[in-house]
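Each reported figure results from applying straightforward, stated rules to the coordinates on display, with no laboratory input. This is a predicted model, so every value here is computed, not measured. Quick reminder, even Gly has a Cβ in these numbers, built from the backbone with ideal geometry, and neighbours come from all protein chains shown.
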Amino acid sequence: MDRPLVPFGRPRAERADAARNREHLLDAARLMIAEHGVDKVTMDALAERAGLGKGTVFRRFGTRAGIFRALIEADERRFQELVLSGPPPLGPGADPVERLVAYGRARIRFLLEHRTLARAAIERGQPLPEGEVDMTALHLRVLLVQADPDLGEPDGLAIMLKAALEGPPLMFLASDEPRSPREAEHLLTESWRTLVERLLPQQTPADRP
C-alpha cells in the first residue's frame with residue numbers, strides 16, 4: 001500500500017483573488033519571520049508589509065495566532081506530499097521499517113524546526129487546535145501492518161508510537177534545558193530508530209538475506 005495517508009483536511013474552496021491574497025500574506029509573513037523573527041509579526045505589520053488592508057488580514061486569519069497556524073498547516077501539507085509521493089525512504093518504495101525510521105526522523109525535524117511557530121500559534125486561554133485526521137497515527141499503523149502483519153494491536157501500538165514520536169519534541173519545546181535543536185534532533189531521531197528496530201527486530205534490513 002503506497003499511499004497510507006489521506007489528505008491533511010480539505011481546505012474550503014476559495015475565490016481566486018482570495019486564494020492569491022492568502023498566499024501573498026503567507027509569503028509576506030515568512031519574509032518577516034526570516035528577517036525579524038516571530039515577535040515582529042502582528043496583524044498591522046503584516047497588512048503593511050503585504051500592502052493589503054488590515055480587514056483582509058483579519059478575514060484570512062482571525063487572530064495573530066491564526067497567521068502562524070496557517071503557516072504550519074501549509075508546511076504540513078508539503079510534508080505530507082513528501083510522505084505520499086516523495087522519494088524513498090520517506091516516500092513510497094522503501095521497506096516499511098526503513099519508512100518508519102525515516103518518517104520519525106523527518107517528523108522530529110519538522111516539529112523542532114517549527115517550535116517557534118508552534119508556540120506563537122497557541123491562543124491564550126483556548127484549547128489546542130486539533131487536526132481533522134490523526135495523520136501520524138494512521139501512517140504509523142499502516143507501516144506497522146506492512147512490516148509485520150501478525151503484530152498484535154496495531155491501532156494501540158500506533159497511538160503509543162505517536163506519543164513516543166511527538167511527545168519528546170513537545171517536552172523539548174516546553175523545557176528550559178540548555179540543549180540546542182541540533183543536539184535534541186540527534187538524540188530524538190536516534191532514540192526513535194532504536195525504538196522501531198527493537199519493536200520489529202526480525203524485520204530490520206540487516207537481518208534480511
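Remarks
- Estimated FRET transfer efficiency when R0 is 22 angstrom, pair THR42-ARG109 (beta carbons, to 0.05): 0.15
- Residue among VAL57, LEU31, VAL41 farthest towards the positive dipole end of the range 16-62, charges placed on Cβ: VAL57
- Pairwise FRET efficiency - THR63 versus HIS186, Cβ, R0 = 35 Å, nearest 0.05: 0.50
- Chain lengthening between LEU151 and HIS24 when straightened (0.36 nm per residue, less Cα-Cα): 41.0 nm
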